[in-house]
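Everything on this sheet refers to the single structure shown next.
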Amino acid sequence: MKNIKRLNFKSPAPDLSLLDTSRNPIQLSALWASKPLLLAFTRHFGCTQCKEMLDELVAGKDRIFQAGLDLAIVTQGTPETAALFAKDFAPGLRVLADPERKAYAAYGLERGNLFQTFLNLKVWVAISRARQKGYAVEPPPAGQDAMQMSGTFIISTSGYIELPYYYDHIADHPPLDLLLSGVLSTNWKQPFNGPVGVREK
């Protein structure tokens, strides 16, 4: 993936059609049409940090929905392999298949370097923590890229990026409280054309 450009606050969110785990086409803009969308990209299916991130999203999905957000997970898998992965690690979540990684590229997610992936103390600390939860380091399945970075985005109903979160390293997933609190505690559904930091009642 060359010449990838990162998205910024208020960048238009790329609108692509991906397949869900039943091979149904899903237009991303349909997911943010009625409520802001939390769009989370995973790495490969052997990534311990991704499984830990999904644990947090599964455990927090009711809080996410109560905060007025919708939620979708993008994977490198095919619909069939994504279905198996979702059954084990993302039950109850909408999981999308992007084996060509076209959405990864559109959202500015690059291939990491060695210091973002394997030669980083924070990564090994996170791997140790994940092992305590029963997640072993596994190689990526065929066709998935172990160097692919992930990221998390919140997209407004008008189709603009409200939060672009690019990982500094592969264990750098954002805490759920950050995703729920909005910018300076302003609700995600509240447009940023008034006072920031004042929640709607």
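Structure data summary
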read-out: Enclosed volume per residue, in Å³, of the convex hull spanned by Cα atoms of segment 100-165; value: 126
read-out: Extension gain (nm, one decimal) between K189 and A136, 0.36 nm per residue minus Cα-Cα; value: 15.3 nm
read-out: Check: the chain dipole with +1 on Lys, Arg Cβ and -1 on Asp, Glu Cβ, in debye; value: 220
read-out: Matching label, Cα Rg over 2.2 N^0.38 Å computed from the structure shown, candidates (i) 1.21; (ii) 0.94; (iii) 0.98; value: (iii)
read-out: L84-Y166 FRET efficiency (beta carbon distance; Förster radius 30 Å; 0.05 resolution); value: 0.60
read-out: Fully extended contour minus Cα-Cα distance, from S34 to D145, at 0.36 nm per residue; value: 36.6 nm
read-out: Kirkwood Rh (inverse of mean 1/r, distinct Cα pairs), segment 1-84, angstrom; value: 14.4
read-out: Paramagnetic label zone (point 7 Å from Cα along Cα-to-C-beta, L178; backbone N under 15 Å) in segment 130-153; value: 150-153
read-out: Which of W124, W188 has the fewest Cβ neighbours within 10 Å, and the rest in rising order; value: W124, W188
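Only the coordinates and a few stated rules stand behind these numbers; no lab work does. Predicted, not measured: the structure shown is a model, and the values here were computed from it. With ideal geometry, Cβ positions are generated from the backbone for all residues, glycine too; neighbour counts draw on all protein chains shown.
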